[in-house]
1. Would you mind calculating the gained length between residue 145 and residue 92 on full extension (0.36 nm times residue separation, minus the Cα-Cα distance), in nm to one decimal?
2. Between region 84-118 and region 194-217, how many Å separate their Cα centres?
3. Just to confirm a number: summing +1 for Lys and Arg and -1 for Asp and Glu over residues other than residue 160 whose beta-carbon lies under 10 angstrom from that of residue 160, what do you get?
4. Please list 79-90, 176-187, 203-214, 145-156 highest first by mean number of surrounding beta-carbon atoms within 10 Å per residue.
5. Counting Lys and Arg as +1 and Asp and Glu as -1, each charge on the Cβ, what is the dipole of region 15-235 about the Cα centre in debye, to the nearest 20?
6. For n ≥ 4 DSSP H runs only, could you compute -39500 (n - 2.57) per run for the chain, divide by its residues and tell me the 222 nm figure to the nearest 500?
7. So if R0 is 30 Å, what FRET efficiency would residue 182 and residue 212 give, r being the distance between their Cβ atoms, rounded to the nearest 0.05?
Amino acid sequence: MSRRSSKPSSAEARPRAAAVIVAGGSGRRMGGGVRKQYLEVGGEPILLRAVRPFVGHPGIGAVVVVLPPDDAASPPAWLAAMDVTVVAGGAERGDSVWNGLAATPDDGDTVLVHDGARPFVTAEVIDRVLEAARSGPALAALPVTDTLKEVREDGTVAATPDRARFWQAQTPQGFPRAAILDVHRRARAEGVRATDDAALCERYGIEVRVVEGAAENLKVTRPADLAVAEALARRLPG
């Protein structure tokens, strides 16, 4: 089921890029009775903060928000009032992304996929991913700063890889629309599950480019992340 606000369409040509904001999960790791995408930081729902930079971005012509099925049938009033399309998610993240991709305009050339639990994405990060994605898959990421350990099943250290080669993936991740639809079709046909859309491109031999993310572009996953998000909400503009 999809819903879209009744905002009048413009006669002006709109950008041919779309954004899919994925918030179809239950937020089980957060605990409590409220799904994490609706928890507030700085007095606003996490999901609202995640969606708003895309709705207001001049390079994005359409925004699709993926919610749990019961929420998609009756989305929060603040979301229903925005110029977005709301669609129901699926059983797994890949199903939710697929549903979101299917709701993007057919004439679009580029799609950004963003996690609805990342409330502090900036226009600058969106710009960098969008520009890179015009020519191929790209994702926002940051170089790893901690020492990494490869650990065996018994809990002992197997190796200490060179951290200079490792980056921590963020979203948005951007793709030519035809390419990301194709890899998701192939993954669905083969029963492949992935928590990262760029990883699907890698699986099928498509090169993925990394662009600079931002330290504040954190993902709210566990209760401790909320304290960090609250501190960021007080410090960051808007």
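Readers should treat all values here as calculations from the given coordinates under stated rules, not as data from a laboratory. From a predicted model like this one, the values you see are computed outputs, not experimental measurements. Note that each Cβ is placed from the backbone with ideal geometry, even for glycine, and that neighbours are counted across all protein chains shown.
1. Result for the pair: 16.0 nm of gain on full extension.
2. Centre-to-centre (Cα) distance: 16 Å.
3. Result for the local shell: 0.
4. 79-90, 176-187, 203-214, 145-156
5. Details: 26 positive and 29 negative charges, 53 e Å.
Roughly 260 debye, rounded to the nearest 20.
6. Numbers: 8 runs with 74 residues, N = 238.
About -9000 deg cm²/dmol.
7. 0.65
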